[in-house]
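The values are calculated or read from the model by the stated rules, or taken from the named source; none is laboratory data. Remember, it's a predicted structure, so these values are computed and weren't measured experimentally. Cβ placement follows ideal geometry from the backbone for every residue including glycine, while neighbour counts extend to all protein chains displayed. What goes into the accessible areas is simple: the full protein's heavy atoms, side chains included, and nothing from ligands, DNA or RNA. Shrake-Rupley method; radii C 1.70, N 1.55, O 1.52, S 1.80 Å.
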Amino acid sequence: MVELLGPAEIRGLADELDVRPTKKLGQNFVHDPNTVRRIVELGGVVPGDVVLEVGPGLGSLTLGLLAAGAEVIAVEIDPVLAARLPRTVAERAPEAADRLTVVGADALRVRAADLPAAPVSIVANLPYNVAVPVVLHLLAELPSLRSGLVMVQTEVADRMAAGPGSRTYGVPSVKLAWYGPARKVAAVPRAVFWPVPNVDSALVSFTRTDPVSGVDRARLFAVVDAAFSQRRKTLRAALAGWAGSAERAGELLAEAGIDPKTRGEQLDVHAFARIAAAGADRGPSRRAGLASAACSGTSCWPCSSSSARC
């Protein structure tokens with residue numbers, strides 16, 4: 001029997017460890033067992049799944065995942081929390097302790113070789129300030145990931161799941177769509193967290209499918225970064241730096257079957273793929289390549305979830 005953590009237990013652990021949740025690390029701990037159970041259920045976790053959890057904190061969701069029979073790989077950047085988590089599990093779920101592995105690392109730096117097994121899904125309450133870069137980095141680094149359910153700030157959830165034409169559609173929407181469909185599945189009330197955040201939260205699910213064919217991810221991401229770097233401009237103007245000139249951008253857009261007067265927020269990931277494929281005979285500019293790296297899973301730490309690119 002797994003004993004989940006409630007408000008009193010969360011506060012007790014925090015006092016024991018002298019933990020003061022920090023905004024820098026995005027630490028807001030879930031203390032409601034029913035919310036934990038709902039997250040695990042919506043995540044589709046079944047016995048035997050190898051699940052990656054990022055930012056387990058004091059262990060609320062970790063215990064819920066273990067209760068569902070999963071093998072949990074928990075990546076925690078805070079050394080104090082990482083050291084305490086195995087003991088918390090041993091105390092509250094002794095029969096499940098051997099199904100937990102804690103990796104003390106920054107999720108934005110973690111590599112497949114750092115993990116003891118290949119996770120099939122990610123279920124996590126992500127730090128709000130790096131949620132999108134973390135998801136994109138892990139999808140790029142871990143091809144074994146087939147699905148995910150992440151709790152993020154509502155505004156970030158809207159951007160992750162938005163479709164073309166939406167006010168919130170942008171770089172995160174397109175890049176996540178390259179891996180597969182995403183949708184916002186549920187709102188999460190502020191009252192289930194300690195400390196109570198000053199923003200609303202939501203759950204976003206995504207499923208990995210076959211990548212958009214015929215185009216390299218880095219090339220496509222460079223096009224996306226360029227297209228949204230100046231949202232008010234037409235694609236002919238916005239892609240001028242990437243293509244080498246506005247005239248060349250217009251030619252590539254025409255080749256891709258796209259009106260050069262179109263704006264980036266009107267295109268889906270397949271249309272961006274056609275643009276990238278049309279420009280495959282030329283390497284992306286250095287500037288475009290560096291912009292793509294910011295959110296393609298190469299080096300995401302400088303990005304914030306509120307930035308134009310993320």
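Quick grid of which residues meet (1) open to solvent by 50 Å² or more (accessible area, probe 1.4 Å); (2) touching a His at 6+ places or on another chain (Cβ under 6 Å); (3) assigned to a helix (DSSP H, G or I):
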| site | (1), (2), (3) |
| --- | --- |
| 37 | yes, no, yes |
| 40 | no, no, yes |
| 51 | no, no, no |
| 57 | no, no, no |
| 61 | no, no, yes |
| 64 | no, no, yes |
| 69 | no, no, no |
| 81 | no, no, yes |
| 84 | no, no, yes |
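Within the range 80-98, residues that are over 12 Å from residue 66 (Cβ atoms) sit with their Cβ atoms under 9 Å from residues that are open to solvent by 50 Å² or more (accessible area, probe 1.4 Å) and in a helix (DSSP H, G or I), at 6+ positions apart or across chains, in these pairs: 84/16.
Residues that are open to solvent by less than 20 Å² (accessible area, probe 1.4 Å) and over 18 Å from residue 49 (Cβ atoms) within the range 107-134 comprise 107, 108, 110, 126, 130, 131, 132, 133, 134, listed in sequence order. Taking each residue of the range 226-243 that is within 18 Å of residue 172 (Cα to Cα) and part of a loop (DSSP other than H, G, I, E, B) and looking for partners that are at pLDDT 95 or above and among the acidic types (Asp, Glu) with beta-carbon atoms closer than 9 Å, six or more apart or interchain, yields 231/265.
Quick check on this structure: which one of 207, 234 is modelled with pLDDT of 95 or more and open to solvent by 50 Å² or more (accessible area, probe 1.4 Å)?
On the way: 234 fails: open to solvent by 50 Å² or more (accessible area, probe 1.4 Å).
Just one listed residue meets the conditions, 207.
Going residue by residue through the range 145-161, is there one that turns out to be part of a helix (DSSP H, G or I), touching a residue at least 12 places away in the same chain (Cβ under 8 Å), of a type in the set (Lys, Arg) and under 27 Å from residue 228 (Cα atoms)? Steps first, please.
Step one: of the range 145-161, the residues part of a helix (DSSP H, G or I) are 154-161.
Still in the running and touching a residue at least 12 places away in the same chain (Cβ under 8 Å): 154-161.
The next check asks that each one be of a type in the set (Lys, Arg); those that pass are 159.
Restricting the remaining residues to those that are under 27 Å from residue 228 (Cα atoms) gives 159.
The answer is yes, given that some residue of the range 145-161 is part of a helix (DSSP H, G or I), touching a residue at least 12 places away in the same chain (Cβ under 8 Å), of a type in the set (Lys, Arg) and under 27 Å from residue 228 (Cα atoms).
Quick one: would you say residue 156 is under 30 Å from residue 275 (Cβ atoms), in contact with a Pro (Cβ under 8 Å, 6 or more places away or on another chain) and β-branched (Val, Ile, Thr)? Judged against the criteria, residue 156 is a match.
Check whether at least one residue in the range 72-94 is under 20 Å from residue 152 (Cβ atoms) and not hydrophobic (A, V, I, L, M, F, W, C), and report yes or no. Scanning the range 72-94, I find at least one residue that is under 20 Å from residue 152 (Cβ atoms) and not hydrophobic (A, V, I, L, M, F, W, C), so the answer is yes.
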